[in-house]
């Protein structure tokens, strides 16, 4: 799914004579929490909670859907004379933009029926802005003594950060947006990464220096010039992100892939090792150097279909950072990081609507790591989460994909 820290959704439906009101905190497909409030059959007020995981699928009639399944439900407020059966949500006929025709819900008890269709209940679904998370609304789901209550009711308050001139964020993005196979997904990632790091610089109130190469500017010459022209200060941040094809030489010993720097099959083949980018940038002497590559690591000459057939989904995760955690990641941290999307011989998968599995997972993990509700502002945890989420996407809900494991080197304190 498309991913951009946590997002919030209001969901409602009626089952029998009971009205259910849900509040979803969504981080990613395999990381979401739902709370449901309702009056039980005896008129007692209750709140239940369960985890959710999502996956995409397609019917025999080629109608795409998104399934969000609940598990491990428990009653957190109200009488516990009987429990709560976690709900499942079926977003039916999801298109390339993530819109859907119908939303149905059913719970574990309904699965016992021989006629599940008769137990499907239509539901409404709405994304919420943090400004809507008033004290009254949040109190419906969280007690005032809970940490989440305080966090949620303060998310809509702006945080002023004094401008800084002693640190600059240098951003270099190479994205092969013209490629016939992965170009659409690379363009999704190019836009998302550009917006992401601009938002980070804006939140920290630091200047950003951008060099973004796509379309016909996606060349080895521009890559080398960008690195040669990079002159960061000793307190600066450098982010390099490569999004394109990759490979490894048949006799290659290094685990790190080669970047394939051609936007057209009619060009002369040019490449460059991503670990050389890392070495060159680190030698520039910035305080924090972050080098990422979303590219294949399969042997040269082997052709794979790197594009998955998944559709977009009904959610997006948004950027509501905890400023202390964001500051810890980008201002307090010092060191170097290199991470790429696939181990030797593996493919890096891409969705034309949601972008690369690795890149979308990186954005999801970054948001969660700086979320007010989770995360510690730690780069090692962030990269581990990125790799785990990309693996999950390649092995769940993608029938055409092989498993994708990322690799990393992190030396940041």
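The values are calculated or read from the model by the stated rules, or taken from the named source; none is laboratory data. All values reported here derive from a predicted model rather than from experimental measurement. Neighbour counts run over all protein chains shown; Cβ positions are idealised from the backbone, glycine included.
Per the listing 285, 293, the residue uniquely within 22 Å of residue 365 (Cβ to Cβ) and modelled with pLDDT of 95 or more is 293.
Among residues of region 386-413 that are on the phi > 0 side of the Ramachandran plot, those with a Cβ under 6 angstrom from a residue that is surrounded by 14 or more Cβ atoms within 10 Å (Cβ to Cβ) and in a strand (DSSP E or B), sequence gap 6+ or separate chain, pair up as 397/55; 397/56.
The set of residues in region 126-154 that are farther than 15 Å from residue 35 by Cβ and under 23 Å from the mean Cα position of the chain (by Cα) comprises 126, 127, 129, 130, 131.
Of note, residue 247 does not satisfy the criterion of being surrounded by 22 or more Cβ atoms within 10 Å (Cβ to Cβ) and outside any helix (DSSP H, G or I). Looking across region 67-99, just one residue is at positive phi, within 27 Å of the chain's Cα centre (by Cα) and at pLDDT 90 or above, and that is 72. When each of 313, 279 is tested for being closer than 25 Å to residue 7 by Cα and either modelled with pLDDT of 95 or more or assigned to a loop (DSSP other than H, G, I, E, B) (or both), the lone residue that passes is 313.
Residue 82 fulfils the conditions (1) in contact with a strand residue (DSSP E or B) (Cβ under 7 Å, 6 or more places away or on another chain); (2) loosely packed, with under 15 Cβ neighbours inside 10 Å; (3) under 29 Å from residue 148 (Cβ atoms) except for a single criterion, (1).
Yes or no, residue by residue, for (1) surrounded by fewer than 24 Cβ atoms within 10 Å (Cβ to Cβ); (2) modelled with pLDDT of 90 or more; (3) touching a strand residue (DSSP E or B) at 6+ places or on another chain (Cβ under 6 Å); (4) under 24 Å from residue 155 (Cβ atoms):
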site	(1), (2), (3), (4)
365	no, yes, no, yes
368	yes, no, yes, yes
376	yes, no, no, yes
390	no, yes, no, no
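When residue 27 is tested against (1) closer than 30 Å to residue 185 by Cα; (2) in contact with a strand residue (DSSP E or B) (Cβ under 6 Å, 6 or more places away or on another chain), just one condition goes unmet, and that condition is (2). Among the residues of region 197-209, the one identified as surrounded by 15 or more Cβ atoms within 10 Å (Cβ to Cβ) and assigned to a loop (DSSP other than H, G, I, E, B) is 206.
Residue-wise test of (1) modelled with pLDDT under 95; (2) under 30 Å from residue 347 (Cα atoms); (3) not in a helix (DSSP H, G or I).
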site: 195; (1), (2), (3): yes, yes, no
site: 211; (1), (2), (3): no, yes, yes
site: 227; (1), (2), (3): no, yes, no
site: 240; (1), (2), (3): no, yes, yes
site: 251; (1), (2), (3): yes, yes, yes
site: 256; (1), (2), (3): no, yes, yes
